[in-house]
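K.L.:
Got a structure for you, written out below as structure tokens; questions coming shortly.
Read-outs: derived from the displayed coordinates by stated rules, not from any lab. If you're wondering where the values come from, they're calculated on a predicted model, not measured in any experiment. For neighbour counting, all protein chains shown are included, and Cβ atoms are generated from backbone atoms with ideal geometry for every residue, glycine included.
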Amino acid sequence: MIETFLTYLLSERGLSKNTIEAYRRDLSGLERFLGGKMEDASEEDLLRFLGELKLKGLSSSSICRAAIACRVFYRFLAREGVKERDISSYLESPRLWQLLPDVLTVEETDKLLNAPEDSRDRAILHTLYASGLRVSELCRLNINDVGDNALRVWGKGDRERVVPIAKGALDFIDAYLSEREAENEALFLSKRGKRMSRESVWKMVRHYAKPLGKRVSPHTLRHAFATHLLENGADLRVIQEMLGHASVATTERYTHISQSHLKVSFDQFHSRINSSK
């Protein structure tokens, strides 16, 4: 599909050969990241790919270029009917790299979780952080998927897993359900009584994250969940199981995030010490 797209760019858009080759490199990198399943990609997959580039130390301009390639490619797939819809809507030019998930500190996470007064929004934020779910997994939850101390989650490829969840998050879910009037098997409902969409959750998270001054998405809370667990001594294999990663290699990127976060904290600490002398 990549070659068909590149032929389209060359013949119908008249792009230069250098630009075509840049698109080829970026999309080939995405294809490797997705394991060849380009047509099955989701918004989260695109952000994870860009996040991987950031972790590798690529410049913001290189990440921006890769994001533009993803954006144009998936618009093309939607127009050709390969994808039912355009999944690149969250990749906003020209500062696309700002959408890459930042690691939230524990203090920032607390501020975000305590921001909503609405019981549904509070329950959603706490569930995302307490379980590390993908936003698509959260939206698929039904009421009967909530147990006494765990969630039954349907992940990629319809793989089922059981994810432990903190009692505090379960209490917020119970509080929300006790106030809810609509009859629906879905756990989280829109204001119209329908199952929550991924887009609605994205907008809600961004709304409450504005005071933090960071571009935060549901996936940022998944990052925070894994990173904070790792920083507090959790085993990488346990985190892998909870996140639903098929390979521990995918989970290992949180090691790099954690180390990077630690270095920043270390540098800030020494800056304060030196300035006080």
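K.L.:
What whole-number distance in Å separates the alpha-carbon centres of the range 1-28 and the range 110-179?
P.N.:
42
K.L.:
Right, next: Compute the Cα gyration tensor for the range 106-258, then decide on rounded, prolate or oblate, letting a ≥ b ≥ c be the square roots of its eigenvalues: rounded whenever a/c is under 1.5, prolate when a/b is larger than b/c in the other cases, and oblate in all that remain.
P.N.:
Here the range 106-258 falls in the oblate category.
K.L.:
Could I ask something else about it? Which whole-number percent gives the relative contact order of the range 1-82, counting Cα pairs below 8 Å spaced six or more residues apart?
P.N.:
Values: 34 pairs, mean separation 23.0, N = 82.
In percent, rounded to a whole number, it is 28.
K.L.:
Moving on to the next point. Return the subset of K111/K214; K56/K111; K54/K214; K37/K214; K167/K203 for which the Cα-Cα distance in this structure is over 19 Å, preserving the input order.
P.N.:
Long pairs (Cα-Cα over 19 Å): K56/K111; K37/K214; K167/K203.
K.L.:
Next question. For the peptides 210-220, 162-172, what is the packing order when you average, over each peptide's residues, the other Cβ atoms within 10 Å and list the highest mean first?
P.N.:
210-220, 162-172
K.L.:
Give the aspartates and glutamates reachable from K156 as a straight Cα distance under 12 Å; neighbours fewer than 8 places away on the same chain don't count.
P.N.:
Those aspartates and glutamates meeting the cut-off are D40, E44, D45, E137.
K.L.:
Measure off 7 Å from each Cα along the Cα-to-Cβ vector at E12 and E80, then give the distance between these two points in nanometres to one decimal.
P.N.:
Simple spin-label model gives 0.9 nm for this pair.
K.L.:
Using R₀ = 35 Å, calculate the FRET efficiency as 1/(1 + (r/R₀)^6) where r is the Cβ-Cβ separation of D158 and D118; round to 0.05.
P.N.:
Values: r = 31 Å, r/R0 = 0.89.
The computed FRET efficiency comes out at 0.65.
K.L.:
I'd like the FRET efficiency for E21 and E185, computed as 1/(1 + (r/R0)^6) with the beta carbon distance as r and R0 of 35 Å, rounded to 0.05.
P.N.:
0.10
K.L.:
Would you kindly state how much longer the chain becomes between K37 and V106 on full extension, computed as 0.36 nm times their sequence separation minus their alpha carbon distance, in nm to one decimal?
P.N.:
Full-extension gain reported as 21.4 nm.
K.L.:
For a protection proxy built on the mean count of beta-carbon atoms within 10 angstrom, sort 177-183, 227-233 highest first, please.
P.N.:
Ranked from most to least packed, the peptides come out as 227-233, 177-183.
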